[in-house]
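The structure appears below as structure tokens.
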Amino acid sequence: MTMSHYLASRAIWLSAACLCCALLAALGLARLSIGEERGGAAALAQLMPRLSALQAGAPAERAAHLAALRAINASGQMRHLRLHLEDGAGRVLVDALQPGEAGERSWLLTFLQAGMARVESRWEIGARDGTVYRAALRWNPVSELREARADVAGNLAMLSLYGALLLCCLLWTVRRAFAPLQQILDAIGHYERKDYRVRLPAMRIRELDQIRGALNHLAGALAQHQAERRALSRRLLDAQECERARLARELHDEFGQVLTAMRADATYLVRKSAHAPMLQIVANDLAGHCARIQDEVRHLLHRLRPHGAQPDGRLASLERLLQDLVRCWREQPGQSVQLDCEVELDDATLGPDLTLALYRMTQEALTNVMRHAGAHRTAIRIAATARGEVQWCVEDDGRGIGDIAAAMQRSHGLRGMQERAWAHCATLCIGPAQHAGETPGCRLSASFPLSAPAQDAPAHTDGRQTA
């Protein structure tokens with residue numbers, strides 16, 4: 001069904017319903033008008049017997065008959081007619097114009113009566129005692145004006161009610177017709193947040209259903225594209241790790257042997273130069289330089305290859321890798337930061353890719369803390385949740401990050417962590433520490449799914465600023 005057909009069909013049904021309501025109201029007004037006409041006929045029927053009694057009755061009863069005639073006139077039930085009665089001397093006994101009606105004669109009444117002949121019916125009534133009465137039934141313009149005003153007001157009220165009812169019904173119809181637009185907007189909001197799992201259901205309106213199909217196709221294409229990008233990113237990270245492992249082997253095999261030989265030669269020179277103090281000083285300096293270079297190479301090897309890696313390339317458990325990493329940082333000379341590490345994976349099994357990603361992110365986070373944060377305490381926490389996710393968090397009490405966007409631009413470490421998190425269907429969240437003291441601190445967190453979905457999955461966000 002197209003939008004035009006939907007709106008047209010609903011408009012027809014709503015118009016028919018409004019017309020039925022208006023018809024019922026018109027029937028009610030007609031019933032009321034018929035009741036008033038009936039009352040006028042009944043008042044006219046009461047008038048005639050009173051006039052006959054005035055002619056045939058005794059003089060003592062005439063006052064009662066005149067009072068009854070005045071009451072009939074004053075009741076206004078005759079609507080369009082009024083009785084005017086005079087005696088033979090011209091005195092008005094029953095006046096057609098009632099008190100208060102003179103003020104109702106307006107320019108509108110004058111305009112409506114313009115050019116119309118005066119309508120009345122006159123006759124004489126002779127009583128038995130010779131008294132003569134002149135009676136006349138005159139047209140009552142005031143009642144006609146009141147009825148015209150009532151009709152106009154009723155019609156305007158009816159039209160206003162009909163228009164308001166029709167407008168409300170059309171508004172309800174349009175809102176109902178475009179209600180699926182909210183679903184479309186919600187889906188677009190998910191796509192803006194790179195959540196391409198949302199799919200729109202079939203819609204009754206053809207135009208909206210075409211939009212729904214286009215959006216679903218777009219979401220599927222974007223999800224496939226993002227899944228391919230993540231797979232490519234993971235392959236690049238794997239290639240990077242392979243290159244690091246190759247470099248670590250080359251450094252160990254080449255530099256390790258050469259530096260060991262250089263240290264042995266320097267030690268030999270120290271022993272043989274005991275009789276030459278200046279030469280011994282140079283030999284001692286050479287031995288110290290060799291020792292420092294060997295330490296630097298060993299530290300570089302530790303960064304290139306995770307602690308606990310097996311000779312065949314297999315990784316140890318994440319808990320052991322992190323314990324070795326924390327111990328290495330604790331043993332660094334001049335290092336005073338308190339490091340706390342907590343790993344609660346229970347029965348969760350991490351794949352080698354996710355294990356290496358968590359290790360590298362923790363390694364980079366600790367490097368940033370030691371170099372830039374000026375912190376006294378750093379906490380590492382990794383825990384599996386009942387939702388099939390792994391929560392990763394590194395929090396310190398240092399100076400924090402003021403401008404996160406600028407930090408992301410200049411920090412290769414933060415961008416590397418963001419890339420690793422994104423490659424494993426997570427989002428790196430950066431913000432102040434939850435239990436900050438005098439300094440704001442910094443909190444890095446991400447939530448990783450234990451099993452990578454077949455299609456692209458959105459990154460979990462907790463509402464904080466996302467890098």
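The values are calculated or read from the model by the stated rules, or taken from the named source; none is laboratory data. From a predicted model like this one, the values you see are computed outputs, not experimental measurements. Positions of Cβ are generated from backbone atoms using ideal geometry, with glycine treated the same way; all protein chains shown enter the neighbour counts.
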- [ ] Go through region 410-443 and count every residue that is of a type in the set (A, V, I, L, M, F, W, C), surrounded by fewer than 21 Cβ atoms within 10 Å (Cβ to Cβ) and over 32 Å from the mean Cα position of the chain (by Cα).
- [x] 1
- [ ] Please tell me if residue 175 is in contact (Cβ under 8 Å) with a residue 40 or more places away in the chain, within 26 Å of the chain's Cα centre (by Cα) and surrounded by fewer than 16 Cβ atoms within 10 Å (Cβ to Cβ).
- [x] no
Task: Test for residue 8: is it closer than 30 Å to residue 173 by Cβ and either in contact (Cβ under 8 Å) with a residue 40 or more places away in the chain or touching a strand residue (DSSP E or B) at 6+ places or on another chain (Cβ under 7 Å) (or both) - done: no
- [ ] Scan region 381-397 for residues that are surrounded by fewer than 21 Cβ atoms within 10 Å (Cβ to Cβ) and in a strand (DSSP E or B) and jot them down.
- [x] 381, 383, 384, 389, 391, 393
Task: Tally of residues being aliphatic (A, V, I, L, M), exposed (fewer than 12 other Cβ atoms within 10 Å of the Cβ) and either closer than 30 Å to residue 76 by Cα or not assigned by TED's automatic domain parsing to the domain that holds residue 165 (or both) across region 2-31 - done: 4
- [ ] Sort through 58, 68, 63, 22 and tell me the only one that's under 22 Å from residue 129 (Cβ atoms), modelled with pLDDT under 80 and out of contact with any Pro (no Cβ under 8 Å at 6 or more places or on another chain).
- [x] 58
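Going through 160, 143 one at a time, which residue ends up being surrounded by 10 or more Cβ atoms within 10 Å (Cβ to Cβ), part of a helix (DSSP H, G or I), of a type in the set (S, T, N, Q) and modelled with pLDDT of 80 or more? Quick ask: steps written out before the conclusion?
Details: 143 fails: modelled with pLDDT of 80 or more.
One residue alone meets the criteria, 160.
From the list 215, 200, which one is at pLDDT 85 or above, in contact with a Lys or Arg (Cβ under 6 Å, 6 or more places away or on another chain) and among the aliphatic types (A, V, I, L, M)?
Details: 215 fails: in contact with a Lys or Arg (Cβ under 6 Å, 6 or more places away or on another chain).
Among 215, 200, only 200 is at pLDDT 85 or above, in contact with a Lys or Arg (Cβ under 6 Å, 6 or more places away or on another chain) and among the aliphatic types (A, V, I, L, M).
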TODO: Say whether the condition of being part of a strand (DSSP E or B), over 38 Å from the mean Cα position of the chain (by Cα) and surrounded by fewer than 21 Cβ atoms within 10 Å (Cβ to Cβ) is met by at least one residue in region 370-378.
DONE: yes
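Are any residues in region 284-296 under 11 Å from residue 262 (Cα atoms) and touching a helix residue (DSSP H, G or I) at 6+ places or on another chain (Cβ under 7 Å), and if so, which ones?
Residues satisfying the conditions are 286, 287, 290, 291, 293, 294.
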TODO: Just need a number here: residues in region 339-355 that are crowded, with 18+ Cβ neighbours inside 10 Å and farther than 16 Å from residue 323 by Cβ.
DONE: 1
Task: Contacts under 9 angstrom Cβ, first residue in region 411-427 being touching a residue at least 40 places away in the same chain (Cβ under 8 Å), partner among the aromatic types (Phe, Trp, Tyr) and not in a loop (DSSP other than H, G, I, E, B), 6 or more apart - done: 421/392; 421/448; 424/448; 425/448
- [ ] Answer with yes or no whether residue 118 is within 23 Å of residue 141 (Cα to Cα), outside the structural domain of residue 144 (by TED's automatic domain parsing) and either assigned to a loop (DSSP other than H, G, I, E, B) or at pLDDT below 75 (or both).
- [x] yes
TODO: Look through 250, 254, 243 and report the one residue that is part of a helix (DSSP H, G or I), within 19 Å of residue 360 (Cβ to Cβ), outside the structural domain of residue 357 (by TED's automatic domain parsing) and at pLDDT below 75.
DONE: 243
TODO: Would you please list the contacts, defined by Cβ atoms under 7 Å and residues six or more apart or on different chains, that run from a residue in region 390-402 that is in contact (Cβ under 8 Å) with a residue 24 or more places away in the chain and at positive phi to a residue that is assigned to a strand (DSSP E or B) and buried (at least 23 other Cβ atoms within 10 Å of the Cβ)?
DONE: 400/442
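So in region 46-98, with the set limited to residues that are in a helix (DSSP H, G or I) and of a type in the set (S, T, N, Q), which one is surrounded by the most Cβ atoms within 10 Å (Cβ to Cβ)?
So the residue we want is 73.
Tally time: how many residues in region 331-350 are of a type outside the set (A, V, I, L, M) and assigned to a loop (DSSP other than H, G, I, E, B)? Talk me through it step by step, then tell me what you get.
We begin by selecting, within region 331-350, every residue of a type outside the set (A, V, I, L, M); these are 331-336, 338, 340-342, 344, 346-347, 349.
Filter once more, so that each one left must be assigned to a loop (DSSP other than H, G, I, E, B): 331-336, 346-347, 349.
Counting residues in region 331-350 that are of a type outside the set (A, V, I, L, M) and assigned to a loop (DSSP other than H, G, I, E, B) gives 9.
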